[in-house]
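Trainee: Got a structure for you, questions after.
The values are calculated or read from the model by the stated rules, or taken from the named source; none is laboratory data. Quick caveat, the model's predicted, so the values are computed rather than measured. All Cβ positions, even for glycine, are placed from backbone atoms using ideal geometry, and neighbour counts span all protein chains on display. When the accessible area is computed, the model is the full protein with side chains, heavy atoms only, and any ligands, DNA or RNA have been set aside. Shrake-Rupley method; radii C 1.70, N 1.55, O 1.52, S 1.80 Å.
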Number of protein chains: 2
Amino acid sequence: MSRWKPDARGRLEKAALELYNHQGFDATTVAEIATRAGLTERTFYRHFTDKREVLFPGDSPLADTLANATATAPVPLPPLEVIAHALTEAAPVLEERADLARQRQTVIAANPELQERELAKLAALASTLARTLRERGLETTTAALAAEIGIATFKVAFERWINDPDRHTLAQHIRETLDTARHLTAPAEHVAATDDVSFTGHEGVA
Amino acid sequence: MSRWKPDARGRLEKAALELYNHQGFDATTVAEIATRAGLTERTFYRHFTDKREVLFPGDSPLADTLANATATAPVPLPPLEVIAHALTEAAPVLEERADLARQRQTVIAANPELQERELAKLAALASTLARTLRERGLETTTAALAAEIGIATFKVAFERWINDPDRHTLAQHIRETLDTARHLTAPAEHVAATDDVSFTGHEGVA
DNA sequence: TACGGTGATGTCATTAACTGTCATCACGGC
DNA sequence: GCCGTGATGACAGTTAATGACATCACCGTA
């Protein structure tokens, strides 16, 4: 038999998620996680730089899919539509692991430190997206802005999805949020006509 | 004479910024900061929850200005224009403290933990903005997205400003970045004509 | 078959970020 | 002149994070 039980990293991730869920992030100790995974605290730190990092898979299929879809979108497409394409392709990746996603999100929502880390991850994603857009020929500022708006759209859509009592698809929420984004950034001429009607945006899950 | 030297908090902020600048964030100890400010480590933690928080003033004139300007913008205005109005009003607040801002940004740029905290602060700002927009009558998703887009615009404009060798105004960069945002959805026609030319967005400091 | 290198893990020690608790003592009101 | 209050100091304790060294199954190779 082999010297060590396999998939130490996976065991640590599992143990951490469970403990964070049961006792909260603050109340659980790295040593605890390690012990539950049959390992040592020191070994935990060989797999994750952080007590937080254990919730954020280094191998992120979401990031890969997004980057790929962005790179391969048809070229003569306005930036926001490239983003739309990428987000739409990426949605199923999360749908597959819906309950894991919800569980993670519950833990994260309960702790500011974890929220910070999540924001950092999303920012890194935006950064990657921006680079890809530049490689597609977009000017720096345009690329950065489009990427940020893409991530913003994702954030909003994701949150709607997680809290949606009707359990609509993430893809569905992304479509709708993108639509809102399209109208927000649309040239102002459209609105000049509406004088007494305040702008209320676009509503509802179709 | 009074028992304690005045403005303990201010002294701590100053000492911290100096030390973070000279030796880096990681290499400076809270005890060091406190000593340089003529205080105790324990007292540092009575003024700031964190070693990082000392760089992020609780009393943020930027946040106040943004929220105010958002609340008081003329009502029949499309969301993005409300944001434009708010950002434009807020710009001078930072211009006044340009070198402090640059100094802070240098420190933050050198440390991931500080970048995380900054993202958290911006996210909080977005959250406030969104609430204000909702109070103006915007639907939840529209408000959230508009707020995120506003903050994204600010981030991009701010970064351009900090790194601008020509030292143009922050307000100027905000105007241009907003313009880029307005054109992100550029209808396909714009691009359809250009067949071999990739979409390059909008350029340059006018 | 023996042997040496490798990689994942364990053990131990250390630093410093944070927190709880109690003591101090000028200041201001009464 | 006494008393509560608030900002600070003193001290002890927890634990996150890191560096240094030891262990030892496994694997290729002579």
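Trainee: Hey, got the average number of other protein chain Cβ atoms within 10 angstrom for residues in A:177-183?
Mentor: 4
Trainee: Counting Lys and Arg as +1 and Asp and Glu as -1, each charge on the Cβ, what is the dipole of chain A about the Cα centre in debye, to the nearest 20?
Mentor: Charge dipole of chain A: 1160 debye, to the nearest 20.
Trainee: Where is the GNM fluctuation largest for chain B (alpha-carbon springs, 10 angstrom cutoff): B:Asn163, B:Asn68, B:Asn21?
Mentor: Judging by the Gaussian network model, the answer is B:Asn163.
Trainee: Kindly give the distances from A:Ala110 to its copy-mates, label point to label point, with each label point 7 Å from Cα along Cα→Cβ, as nm values to one decimal ordered shortest first.
Mentor: 3.8
Trainee: Taking a point 7 Å out from Cα toward Cβ as the label site, list the nm distances between B:Gly38 and the same residue in every other copy, smallest first.
Mentor: List, nearest first: 6.1 nm.
Trainee: Set Lys and Arg Cβ to +1 and Asp and Glu Cβ to -1, take the dipole of the protein assembly as shown about its Cα centre, and tell me which of B:Ala98, A:Thr88, A:Thr72 lies farthest positive.
Mentor: Value: B:Ala98.
Trainee: What does the accessible area of A:Lys121 come to, in Å² to the nearest 10, when a probe of 1.4 Å is used?
Mentor: Roll a 1.4 Å probe over it and A:Lys121 shows about 80 Å².
Trainee: Rounded to the nearest 10 Å², what accessible area does B:Ser2 show when all protein chains are kept and the probe is 1.4 Å?
Mentor: My reading of the accessible area for B:Ser2 is about 80 Å².
Trainee: I've got another one for you. Set the bar at 32 Å for Cα to Cα. Now go through A:Lys14/B:Lys121; B:Lys14/B:Lys155; B:Lys5/B:Lys121; A:Lys155/B:Lys14; A:Lys5/A:Lys121 and name every pair that lies beyond it.
Mentor: A:Lys155/B:Lys14
Trainee: Report ³J(HN,Hα) in whole Hz for each residue of region B:74-88, in order, from the Karplus equation J = 6.51 cos²θ - 1.76 cosθ + 1.60 where θ = phi - 60°; Gly and Pro get x.
Mentor: Along region B:74-88, the couplings run x, 5, x, 10, x, x, 4, 6, 4, 4, 4, 4, 5, 4, 5 Hz.
Trainee: Could you list the chymotrypsin sites (Phe, Trp or Tyr not before Pro) in region B:3-53 that lie in coil according to DSSP, counting only those with at most 15 other Cβ atoms within 10 Å of their Cβ?
Mentor: B:Trp4
Trainee: So, one more: I'd like the orientation of helix A:140-163 relative to chain A: the angle between its Cα long axis and the longest Cα principal axis, in ° from 0 to 90, rounded to 10.
Mentor: On a 0 to 90 degree scale, this one is about 70.
Trainee: Carbon and sulfur atoms: what percent of the 1.4 Å accessible area of chain B do they account for?
Mentor: The nonpolar share, carbon plus sulfur, comes to 52 percent.
Trainee: What total accessible surface area, summed over both chains, is buried at the interface between chains B and A, computed with a 1.4 Å probe and given in Å² to the nearest 100?
Mentor: 3700
Trainee: Calculate the spin-label point distance for B:Ala31 paired with A:Thr49, positioning each point 7 Å from the Cα along the beta-carbon direction, and give it in nanometres.
Mentor: 2.7
Trainee: What is the gain in length, in nm to one decimal, between B:Asp164 and B:Thr72 on full extension, counting 0.36 nm per residue of separation less the C-alpha to C-alpha distance?
Mentor: 30.0 nm
Trainee: Right, here's the next one. Take peptide A:145-158, look around each residue's Cβ out to 10 angstrom, count Cβ atoms belonging to other protein chains, and average those counts.
Mentor: Shielding by partners across A:145-158 averages 5.
Trainee: So how far, in whole Å, is the C-alpha centre of region B:1-37 from the one of region A:108-144?
Mentor: Using only Cα atoms, the two centres lie 33 Å from each other.
Trainee: Say a label goes 7 Å from Cα toward Cβ at B:Gly10 in every copy; what distances in nm does this one have to the rest, shortest first?
Mentor: Its label point is 5.9 nm from the equivalent points in the other copies.
Trainee: So if I restrict to the alpha-carbon atoms in chain B, what is the Rg, and what is Dmax, the biggest pairwise distance, in Å?
Mentor: For chain B, the Cα-based Rg and Dmax read 20.4, 78 Å.
Trainee: Starting from the Cα-Cα distance between B:His22 and B:Arg131, subtract it from 0.36 nm times their residue separation and give me the gain in nm to one decimal.
Mentor: Stretched out fully, the B:His22 to B:Arg131 stretch lengthens by 35.3 nm.
Trainee: Can you work out the accessible area per residue across chain A, with the rest of the protein chains kept in place, probe 1.4 Å, in square angstrom?
Mentor: Computed with neighbouring chains in place, this is 50 Å² per residue.
Trainee: Just the accessible area for A:Lys14, please: 1.4 Å probe, Å², rounded to the nearest 10?
Mentor: Counting only protein heavy atoms, the figure is 130 Å².
Trainee: Further, regarding this structure: How far, in whole Å, is the closest Cβ of chain A from the axis that maps A onto B, and which residue does it belong to?
Mentor: Of all Cβ atoms in chain A, the one nearest the axis gives A:Thr185, 1.
Trainee: What is the helix-to-structure angle for B:98-109, meaning the angle in degrees between its Cα long axis and the longest Cα principal axis of chain B, kept from 0 to 90 and rounded to the nearest 10?
Mentor: The angle comes out at about 90 degrees.
Trainee: What per residue convex hull volume, in Å³, do the alpha-carbon atoms of the protein assembly as shown yield?
Mentor: For the protein assembly as shown, the hull spanned by Cα atoms encloses 187 Å³ per residue.
Trainee: Can you tell me the 0 to 90 degree angle between the C-alpha axis of helix A:112-135 and the longest principal axis of chain A, rounded to 10?
Mentor: Result, in degrees: 50.
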